[in-house]
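Asks: Sharing a structure below in structure tokens format, with a few things to ask.
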Amino acid sequence: KKMASGIEVSDQVVSTFNDIKLSHKFRYMICKRNADNTSIEVESTADSSKTYQDFTSALPPNECRYGVFDLEYSKSDADGVRQKILFFVWAPDTAKIKDKMLTASSKDAIKKQLVGISTEIQATDASEFDYQLVIDKVNSISR
């Protein structure tokens, strides 16, 4: 599965994503490139008791990551709980230029493999993944 940037997506990334999508086995996963920039791998996962704050706290302040988060929310009490799978591209301003470039060029490679993402969130600092902003974005594109 070599992609445009020459980086492949490990099978574990896809299988972990499917565990999130199909059985809600994990609340989130965080992915990163391996040391020689040849593949994207799962760095960490968290069980479904974890929160959005746990997820955002796990993103390193000065390095890029991809994240998948299983969001449960409700628009109103009558509406009931909805679930959306969010795809995060975390590329902090403080990351190295090469890290940001490779993250941008590899994004489509990983995203194509993860079938069933409802919303993509790109963030360059913590304010851009503020929970309420994310909920507003999800609501704006889902009925």
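Asks: Could you work out how far the C-alpha centroid of the range 97-124 sits from that of the range 32-82, in angstrom?
Replies: Rounded to whole Å, the Cα centres lie 13 Å apart.
Asks: Let me ask another. With springs only between Cα atoms under 10 Å apart, run a GNM on the chain and tell me which of S127, S118, S76 wobbles the most.
Replies: Largest GNM mean-square fluctuation: S76.
Asks: Determine the dipole magnitude for the chain: charges of +1 sit on the beta-carbon of Lys and Arg, -1 on that of Asp and Glu, nothing else is charged, the reference point is the Cα centre, and the result goes in debye to the nearest 20.
Replies: Around 420 debye, computed over the chain.
Asks: Accessible area of the chain with a 1.4 Å probe: how many percent of it is carbon plus sulfur?
Replies: On the way: 3730 of 7460 Å².
The value for the chain is 50 percent carbon and sulfur by accessible area.
Asks: Check cross-link reach from K84 to the lysines: straight Cα distance under 18 Å, and skip same-chain residues fewer than eight apart.
Replies: Within the straight-line limit of under 18 Å, K84 reaches these lysines: K21, K25, K50, K75, K111, K112, K137.
Asks: Further, regarding this structure: Note down the relative contact order for the chain as a percent, whole number, built from C-alpha pairs under 8 angstrom at least six residues apart.
Replies: Once normalised by length, the contact order is 22 percent.
Asks: Please identify which residues in the range 115-143 have an amide N closer than 18 Å to a label point set 7 Å out from the Cα of A78, following the Cα→Cβ vector.
Replies: 143
Asks: Taking only complete DSSP H runs, can you tell me which helices of the chain stretch 30 Å or more along their own long axis by Cα positions and average at least 1.0 on the Kyte-Doolittle scale? Present the calculation step by step, with values, prior to reporting the outcome.
Replies: Working: long enough: none.
Flagged H segments: there are none.
Asks: If you roll a 1.4 Å probe over the heavy atoms of the protein chains, what accessible area per residue do you get for the chain, in Å²?
Replies: Numbers: 7460 Å² over 143 residues.
Here the per-residue accessible area is 52 Å².
Asks: Seen from all sides and averaged, what is the projected area of the convex hull of the Cα atoms in the chain, in nm²? Display every interim value, and only then the final one.
Replies: Working: hull surface 33.4 nm².
Reported value for the Cα convex hull: 8.4 nm².
Asks: A follow-up question, please. Over the range 1-132, what is the percentage of antiparallel beta bridges among all DSSP beta bridges, to the nearest 5? It would help to have the intermediate numbers written out before the result.
Replies: Working: 21 of 28 bridges.
If we restrict to bridges inside the range 1-132, about 75 percent are antiparallel.
The values are calculated or read from the model by the stated rules, or taken from the named source; none is laboratory data. Quick caveat, the model's predicted, so the values are computed rather than measured. Every residue, glycine among them, receives a Cβ derived from its backbone with ideal geometry; neighbour counts consider all protein chains shown. All accessible areas refer to the heavy atoms of the entire protein, side chains included, with ligands and DNA or RNA removed. Shrake-Rupley method; radii C 1.70, N 1.55, O 1.52, S 1.80 Å.
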